[in-house]
Amino acid sequence: MRVVPFIVSTVVTVALVFALNKRWGSIPELGKFLSPQTGFWQNADGSSENMDEAFSFKNLKGAVNVYLDERLVPHVFAEQEEDAYFVQGFIHAKYRLWQMDFQARYAAGRLSEILNDSKLLNVDRLQRRTGMVFAAENMLAEIAKDPFSQQVLDAYTTGVNAYIGTLTQSSMPLEFKLLGYKPEPWSNLKSALFVKLMSADLAGLGLARDLPFTNEKSIFSLEEMALLYPQVSDSSQPIIPKGTLFDVPLLTAVTPATVDSLYYTNDTTVNPVQVPKITDIKGSNNWAVSGSKTASGAPILCNDPHLRLSLPSIWFEMQLHTPTMNAYGATFPSIPGVVIGYNDDVAFGVTNAGRDVIDYYRIKFKDGSRTEYWYNNTWQQCKMRVEQIKKRDGSVFTDSVAYTVFGPVLYDNTFNNDDSSINSALAMRWTAHDPSNELAVWIKLDRAKNYADYEDAISNMATPGQNFVFAAKNGDIAIRQQGRFPLRWTGQGLYVMPGEDSSYAWQGWIPQKENPHILNPAEGFIQSANQRAVDSTYPYFIPGDYFTPRGISAYQQLSAMQNITVDDMKRLQNDVYSTLAADAVPFLLQNIDENYLNDSELTYLNELKKWDFNVTANAKAPTIYQAWFDSLEKQIWTDEFAQSNRSFEYPDEQTLFEAIKRDSLFRFIDNVNTPGLETLNQQITTSFKLAAGGLAKEEPTNGLIWWKHKGSFILHSLRESLMPFARTGLQTGGWGTVLMAHSKTHGPSWRMIVQLTGETEAWGIYPAGQSGNPGSKFYDNFIDDWVAGKYYRLWMMKESEKGDKRIIGTINFTTS
Amino acid sequence: MRFLLATFLTATLSLIAGIYTPWWSIAIISFLVALLIKQRFGIAFLSGFVGIFLLWGGLSFWIDAANKQVLSHKIALIFPLSGSSILLILVTAVVGALVGGFAAMSGSSLRRAERQGQVPVK
């Protein structure tokens, strides 16, 4: 009687294997995942593992040696130009493949394929309707016109795929094992998609305020709009020094004759939920000081771009050496080249220009099919792009996106982001849809020897517009706000525009030579901190308002400094002095009526009176100040803005402060819902009392300590769903108003200081680690030093130094 | 002795097979070893169980030590096992061991089904 046990035990075994080889919801295939030979244990890197490897590929033209230093920075030495990019692709994939694959899928609107989350369908649809793939395809066509760019990109893609070819189940990055899918082959399109992802982040929907402005225009007069969102603020401290004379403009945009009736006074109210939300650009600084202001007599260039911080970081540090290039700095896994860094002659960095390069046009479709739209007195055919969103469960969602002469129709009655009141159609006109080859920027910048090379390289940057700071060993310092910016008549693109004919279309581009720029200014320094680049005398219209405090801080401190050293620059990048608070707090204290405050409220007020206006990690005053100002904003704005139930954005902190400082009878001070007329005094006092109530509730939980109140963290790319891969409770100071603009989610994503002495002296750090693998000690090993404000000395290695004790591994590539 | 031999063979052959084949080769190896080495039914289960328990537990323990618990701690928070590396190693070992044990039982009972009536000797 052994048949029964045989059957029973066999059935149990097969059932076990089956159950353990299958995914149950978010639980991975347990047998595969737990197996120490193929599962996650294989991603647990040994802390003293031998890192030497050798590879041979037929796509290589010559030999390439990669030296990994103790921080896992690869120093790539290639005999042939393209081989450096092949190996860069290989190395990026080796350390960051999951991140690259994920970013490319996100960009293309394909997250539903890999993640089982119904909320992602709208995320994917928005990416498709923004025309991300359309934009990337246009970019590839432009790259094809430049043979070297094409070769570089081909080599990069081949390198990534060469790495993917080496993968086995056991060497698969951890996230693929957790989520249960496999990496796709890399393609040139995916590299282009990454550039478009940066465009969307830095010059996309979140930077275009047309929709909230249009809604606000329905309740405010144009004069009030100008007051709430001033083009040039009182405190404006532009990138191009005030008073710089601009040439007579080469081009002038012509305002349409119908502008009053069809644009300004016409209620074009729309109500799409703004997804993504409006981005507050509160971060990113760069500056350069000339040798006349430094102790060494050589220029120093600094850059700390602020982005959403994540694990793995968007950055990856590398050195690329070829016969025509020796560049070091921060690279983007997904594209070739060094993006922020230096070579043997020059250094370069970027901040976001924050220019609005999206406008919306109202589209009239002939019928529900959305295949024809009214334009220039006739029905025009839309180009329909059918988007198939494959979901993880195997089902497919089909979305068809209508393309007009302006661009894709983002919102229409088939896509309203769950807002049923939308019944109009809006097409978007976006510079990122136009052909451009941004890869050429870095291919050339990495090889630049002087100012002329820099100008030539960055002229390829169309979108996202960036402030390119530059310094050279010959002593030059320069900055240019570079991008392809639409030539607009005054007021164009603030609000949704009529799309029935061509009269409201963009009339061209601001000429490249007239983009704001300066070389070796008399001040001896250059700074940019996302402020408006120019004062009000610039002859072209720039929509939107800009946030100024960081620019003021950089300008004031740099102008006061002499005999500058690298240590001074480190201090300045970590500076948390708030010029806004230094102006606002005395004003608020002057206007508060202390007679109305009780003892506990007075305690908070006294804490604020002692404040030195530094937003330091362990201070209480910043928490009190921010609570007070937030409360004041609500007190001043809520009543008026409540007249619209549509999406809107409050004016920023600096605008409110400047308005009440300028005019104590500022019309928004009064609460329109009460019969009496509130005074500034009353509002400031009331807002403090309300804030104090909140603070009293918060104090037992965190003692109002700033870093605890702020709660900064760095999440894994999969955000809240993978908290064990995140770092929380970061004890940093800083806020969007100060140079060290570390908010809850965004912060200095790469700090770099380059002193251009004979032998370059460079320093840098970013808050993550070189490896994207959560099982590696190199995953987050820079974070503690970054929090402490420390830097690493950047090592521009010479190949003759390969015996240096800092080298922990060598990867040799040969051609086969 | 047979028990030790069977356990040892299950572990080492599974280790080698695991380099080239998917994780479920542990089931095939445990099955084959039990088929070849005559053992009592319950003992066969035990040798499959212990063989894979030692292999998976040992390997993961060794990897974990070299990794200084960097990864196991995070995975043990996801699972959730309160971040305990040792618990995660135990879970790993037991999951593999169960497959090994039942597969060995199956192999052993097939052997007995073929040679009906024979009483196993030690």
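Derivation of every value follows stated rules applied to the coordinates shown; laboratory data play no part. Computed from a predicted model, the values in this text were never measured in an experiment. FYI the Cβ positions are ideal-geometry reconstructions off the backbone, even for glycines, and counts take in every protein chain you see.
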- Query: Between residue A:167 and residue A:366, what length comes free when the chain is fully extended (0.36 nm per residue of separation minus the Cα-Cα distance, one decimal in nm)?
  - Reply: 66.4 nm
- Task: Using a 10 Å cut-off on Cβ to Cβ distances, tally the other chain neighbours for every residue of B:63-73 and report the average as a whole number.
- Result: 6
- Diffing region A:477-493: the Karplus 3J(HN,Hα) column from phi (6.51, -1.76, 1.60, θ = phi - 60°), in whole Hz with x for Gly and Pro, holds 10, 7, 8, 9, 7, 10, x, 9, 10, x, 7, 10, 6, 4, x, 5, x
- Note on the structure: Whole-Hz Karplus couplings 3J(HN,Hα) for region A:84-92, θ = phi - 60° and coefficients 6.51, -1.76, 1.60, Gly and Pro as x, run 4, 6, 4, 5, 4, x, 4, 5, 3
- Query: Of A:32/A:190; A:661/A:697; A:119/A:196; A:32/B:38; A:119/B:68; A:217/A:610, which sit over 32 Å apart, Cα to Cα?
  - Reply: A:119/B:68; A:217/A:610
- Query: Shape call for region B:2-114 from the C-alpha gyration tensor, a ≥ b ≥ c root eigenvalues: rounded (a/c under 1.5), prolate (a/b greater than b/c) or oblate?
  - Reply: prolate
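How far, in nm, would the chain grow between residue A:137 and residue A:790 when pulled straight, counting 0.36 nm per residue and subtracting the alpha carbon separation? Before the final figure, lay out the partial values.
Numbers: separation 653, 0.36 × 653 = 235.08 nm, distance 4.15 nm.
Between residue A:137 and residue A:790, full extension yields 230.9 nm more.
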- chain B: most fluctuating residue of B:65, B:103, B:11 per GNM, C-alpha cutoff 10 Å: B:65
- Query: In deg cm²/dmol and to the nearest 500, what is the mean residue ellipticity at 222 nm of chain A if only DSSP H runs of at least 4 residues count, each as -39500 (n - 2.57), divided by the residue total?
  - Reply: -9500 deg cm²/dmol
- Task: Round to a whole angstrom and tell me the spacing of the C-alpha centers of region A:570-598 and region A:694-708.
- Result: 19 Å
- Give the long-range amide H neighbours of residue A:482: residues separated by 5 or more places, or on another chain, with amide H under 5 Å away, using H modelled in the peptide plane at 1.01 Å from N. A:466, A:467, A:468
- Task: Grab the Cα-Cα distance for residue A:292 and residue A:151, subtract it from 0.36 nm times how many residues apart they are, and report the gain in nm with one decimal.
- Result: 46.6 nm
- Item | Radius of gyration, Dmax [region A:17-159; alpha carbons; angstrom] | 19.7, 54
- Note on the structure: Partner shielding of A:715-724, taken as the mean number of other chain Cβ atoms within 10 Å, equals 2
- Note on the structure: Classified through the alpha carbon gyration tensor (a ≥ b ≥ c as square roots of its eigenvalues; rounded if a/c is under 1.5, else prolate when a/b is larger than b/c, else oblate), chain A comes out rounded
- Item | Peptides A:14-20, A:101-107 ordered by average Cβ neighbours within 10 Å, highest first | A:101-107, A:14-20
- Query: So, in nm, how far is label residue A:701 from label residue A:630 when the simple model puts each one 7 Å beyond its Cα toward the Cβ?
  - Reply: 1.0 nm
- A correct fewest-to-most ranking of A:289, A:8, A:232, A:339 by other Cβ atoms within 10 Å would be A:8, A:232, A:339, A:289
- Message: I need the shape label for region A:579-710. Rule: rounded when a/c is under 1.5, else prolate if a/b > b/c, else oblate, with a, b, c from the alpha carbon gyration tensor.
- Response: prolate
- Query: Under 17 Å from a point 7 Å along the Cα-to-Cβ line of residue B:19: which residues of region B:83-114 have their amide N that close?
  - Reply: none
- Item | Cα centroid of region A:96-141 to Cα centroid of region A:231-269, whole Å | 35 Å
- Message: Let me confirm one metric for peptide A:771-779, namely the mean number of other chain beta-carbon atoms within 10 Å of its residues' beta-carbons.
- Response: 3
- Neighbour-count ranking for A:428, A:325 (other C-beta within 10 angstrom, fewest to most) reads A:325, A:428
- Separation between the residue A:265 and residue A:645 pseudo-spin-labels, each 7 Å from Cα along Cα→Cβ, expressed in nm? 2.8 nm
- Query: If r is the Cβ-Cβ distance from residue A:79 to residue A:661 and R0 is 60 Å, what FRET efficiency results, to the nearest 0.05?
  - Reply: 0.45
- Item | A:172, A:461 arranged by Cβ crowding within 10 Å, fewest neighbours leading | A:172, A:461
- Message: Residue by residue through region A:745-761, what is 3J(HN,Hα) from phi via Karplus (6.51 cos²θ - 1.76 cosθ + 1.60, θ = phi - 60°)? Round to whole Hz and write x for glycine and proline.
- Response: 10, 10, x, x, 7, 6, 9, 9, 9, 10, 9, 8, 6, x, 9, 4, 10
- As straight-line cross-link partners of residue A:570, the qualifying lysines (C-alpha separation under 20 Å, not fewer than 8 residues apart within one chain) are A:282, A:293, A:790
- Burial-style ranking of A:679-692, A:188-201, average other-beta-carbon count within 10 Å with highest first, yields A:188-201, A:679-692
- Would you please give the residues with an amide H less than 5 Å from that of residue A:390, counting only those at least 5 places away or on a separate chain, with H modeled from the backbone geometry? A:397
- Message: For a Förster distance of 35 Å, can you work out the FRET efficiency between the beta-carbons of residue A:378 and residue A:223, rounded to the nearest 0.05?
- Response: 0.40
